[in-house]
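The values are calculated or read from the model by the stated rules, or taken from the named source; none is laboratory data. Just so we're clear, the structure is a prediction, and the values are computed from it rather than from any experiment. Cβ placement follows ideal geometry from the backbone for every residue including glycine, while neighbour counts extend to all protein chains displayed.
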Amino acid sequence: MLKEEILYEAADLKNIIHDPNVARLVINKDKIISSNIIEGIEINTESIKDGVRIRLIVKEGKIIIKPVHLCFGVTAENAVQNIEINTEIKKGASISLLAHCVFPTAKDVLHKMNAKILLREKAKYSYFEKHIHSPGGGVRVIPKTKVILEKEAKFKTEFELVKGRVGLIDMDIESKCGPDSVMEMMARISGTDDDRIIIRETGYLNGNNSKGVLTSRVAVRDNAKAEIFNKLIASGNYSRGHVDCKEIIKDNGQASAVPIVEVKNATAHITHEASIGSVDKKQLETLMSRGLDEDEATELIIQGLLN
């Protein structure tokens, strides 16, 4: 199978690769192997050391109906990939993106991403990022993202890494919310063997009536370790926020959760909850009474958490 075909198949691109109405950008290490730009979107790229710098703009008032497909992959066993992406969603514009990061044969791959996202007034941005790793755990993923939401902007992001070994994930995302804006950030990660998971999510509810939710769902088995740092700071009048972290551990897995909430305005309100532990005993007993053994029942509960 050609390298391009490996990425297309893993990222579910085969059905849309020839669709002129779907925007896409597919990168293998530092080479653009496929792209399509549609009306309302500007995508400019340039080569950098071991990667690509991307500038993505959605024009004012443009509503992009079909999801934009991005694929950042490395088909080699050993490589470094640097992705820099600067995104601006103009006033009143809307876009959703479906991104796949694919490392199917990695033995020693470093994937670094630095992203800046600016949502102008009443802009909407939805981003779903799915990782597909090799079973060997030879991937280090280090994404850093900074987001600014202007008045009435809406930002939603989901990160999923449940297929293949994690290796190392060290994720850092920060958002600053303007008046009447809404921010939602979700991470779902499954770790096995000696995987290492680090999540840092920070939200600043600076604007009046701004809202934010930070959610993490993590499972660690074998000797995997997870450290979750969720932080919300509310300073805007009547700003509202919630931090929700749930982690399941099995075998010799280790997990920690540090929810931090700061309220700097008497009219603001933030809540938080965090739980770490083994699978629920009652759920386990119920599934085992229906014919599953303990490992099968445990795995089903973990998948339910991650889904």
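Observations, loosely collected:
- Criterion: over 20 Å from Val80 (Cα atoms), modelled with pLDDT of 85 or more, surrounded by fewer than 16 Cβ atoms within 10 Å (Cβ to Cβ) and charged (D, E, K, R) - qualifying residue of Glu39, Glu9: Glu39
- Neighbours by Cβ (under 6 Å, 6+ apart or cross-chain): first from the range 154-180, within 29 Å of Ile63 (Cα to Cα); second in a strand (DSSP E or B) and acidic (Asp, Glu): Lys156/Glu184; Phe159/Glu129; Ile173/Glu201
- Residue check for Val74: farther than 23 Å from Gly203 by Cβ and buried (at least 21 other Cβ atoms within 10 Å of the Cβ): yes
- Tallying residues that are under 17 Å from Arg120 (Cα atoms), in contact with a Cys (Cβ under 9 Å, 6 or more places away or on another chain) and outside any loop (DSSP other than H, G, I, E, B) within the range 150-189 yields 2.
- Of the residues making up the range 220-230, those that are touching a Gly at 6+ places or on another chain (Cβ under 7 Å) and either crowded, with 18+ Cβ neighbours inside 10 Å or of a type in the set (Val, Ile, Thr) (or both) are Val220, Arg221, Ala224, Ala226.
- Some residue of the range 88-95 being assigned to a strand (DSSP E or B), modelled with pLDDT of 95 or more, under 30 Å from Asn223 (Cβ atoms) and of a type outside the set (D, E, K, R): no
- Among all residues of the range 64-71, there is at least one that is assigned to a loop (DSSP other than H, G, I, E, B) and touching a Gly at 6+ places or on another chain (Cβ under 8 Å).
- Within the range 141-152, not a single residue is β-branched (Val, Ile, Thr), in contact with a Leu (Cβ under 8 Å, 6 or more places away or on another chain), crowded, with 19+ Cβ neighbours inside 10 Å and at pLDDT below 95.
- Filtered residues of the range 253-304 (kept if assigned to a helix (DSSP H, G or I), surrounded by fewer than 16 Cβ atoms within 10 Å (Cβ to Cβ) and among the hydrophobic types (A, V, I, L, M, F, W, C)): Met288, Leu300
- Of everything in the range 47-60 that is out of contact with any Ser or Thr (no Cβ under 9 Å at 6 or more places or on another chain) and over 25 Å from Asp108 (Cα atoms), the residue that is surrounded by the fewest Cβ atoms within 10 Å (Cβ to Cβ) is Glu60.
- Residue count for the range 190-219, restricted to those that are assigned to a strand (DSSP E or B), at pLDDT 95 or above and farther than 19 Å from Ile260 by Cα: 1.
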